[in-house]
1. Express the relative contact order of the range 3-294 as a whole percentage, based on alpha carbon pairs under 8 Å and six or more residues apart in sequence.
2. For the range 82-94, what does the Karplus curve 6.51 cos²θ - 1.76 cosθ + 1.60, with θ = phi - 60°, yield as ³J(HN,Hα) per residue in whole Hz, taken in order and with x for Gly and Pro?
3. Taking loop as defined by DSSP and a crowding limit of 16 other beta carbons within 10 Å, which chymotrypsin sites (Phe, Trp or Tyr not before Pro) in the range 1-106 fit?
4. Could you tell me the distance between the Cα centroids of the range 155-172 and the range 41-96, to the nearest Å?
5. Pulled fully out, how much extra length does the chain show between Arg37 and Glu198, if you take 0.36 nm times their separation in residues and subtract their Cα-Cα distance?
6. Out of these labelled values of Cα extents along the principal axes in Å, (i) 93, 61, 37; (ii) 77, 49, 33; (iii) 57, 45, 41, which was calculated from the coordinates shown here?
7. Projecting each Cα onto the charge dipole of the range 101-254 (Lys/Arg +1, Asp/Glu -1 at the beta carbon, about the Cα centre), which of His187, His149, Ala230 comes out farthest on the positive side?
8. Mind listing which trypsin sites (Lys or Arg not before Pro) in the range 151-245 are in a DSSP loop and have 16 or fewer other Cβ atoms within 10 Å?
Amino acid sequence: MSENNVIWNGLHNPDLKLEEADAVVLGLPFDGATSFRKGAAQAPGRIRSISTHIPPTTEEGRLLTKLRVRDLGDIEPAGLTQEQYFEQVSAAAERLFGRTMPFFIGGDHSVTIPLLQAAAAVFQGPLGIIHLDAHLDLCEELGGNRLSHGCTHRRSLECPGIELEHLFFVGIRSFEVQELQFLQGRHANIVTARTLYEQGISAVAAQICAGLSRCRHVYLSLDIDFLDPAMAPGTGTPKPGGFSSRDLFELLRHLARLPLIGMDVVEVSPPLDQNDITSFAAQRAVTEMWGYLFL
């Protein structure tokens, strides 16, 4: 068996048609829109490499061996402007949404912009979004870039079918001044890190599910800095006061009950990591989610 086939716990089947796959993986190795430190472009390759050494089971001993998984490789940004790259990403995502359950591996959080644009184009009606992150990513621009990783949801709110009332920000513990200015007079579903800590995973998950009950389609975006830097040091803008991998898995388990149409994991930076702690957490988040969704 080739190394390519061994990825994702040996579950990857390159011969699967998209409609036959339970999960499809697409790497987005782009980190050209970070505001501090780079390295996230290396995450898809590193996470795949780690996935070859993990048995195809969940943490509770359920077998994943019957899952149908296809990894499509990466969309490379070489030679493209950010706008051109995002056009390619959006086009590729449009071909996946509604045909399978795509899992996108970034990359910095700006790659979620074309993914949400594609989701809004494919699905009708209100699109629910869950944003697990230390940051809101609601800046109009950051460093002069309107497509910065700090602008993800200012751009998503420009898409038809995406409204602030159906966007849940969870784990937040960092605010830019311009984000607070934007939020004045607006109601936003912001669950700060302190609120999540005080109310608990189950209670907050129930609130999210109730708040998105009108949405037939929900997208989940996981910025790895949702985790505390002690749990995920390999990220460009770490924020103390975050959560454990145990907290993350429990939250994902609850959120898997929603009508999810796609998920991304972003902001893993292997060059900034220690002993691949962050890459292992990201890899496990993906495969545990497969267990929650498909078993």
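Readers should treat all values here as calculations from the given coordinates under stated rules, not as data from a laboratory. Model, not experiment: these values are computed from the prediction. Using ideal geometry, Cβ is built from the backbone for each residue, glycine included, and neighbour counts are taken over all protein chains shown.
1. 22 percent.
2. Residue by residue, the range 82-94 yields 4, 4, 5, 4, 5, 4, 5, 4, 4, 5, 5, 5, 4 Hz.
3. Within the range 1-106, the qualifying chymotrypsin sites (Phe, Trp or Tyr not before Pro) (loop, at most 16 other Cβ atoms within 10 Å) are Phe36.
4. About 24 Å separates the Cα centre of the range 155-172 from the one of the range 41-96.
5. Full extension of this stretch gives 54.8 nm more.
6. (iii)
7. Checking the options against the dipole of the range 101-254, the answer is His187.
8. Arg186, Arg214, Arg216
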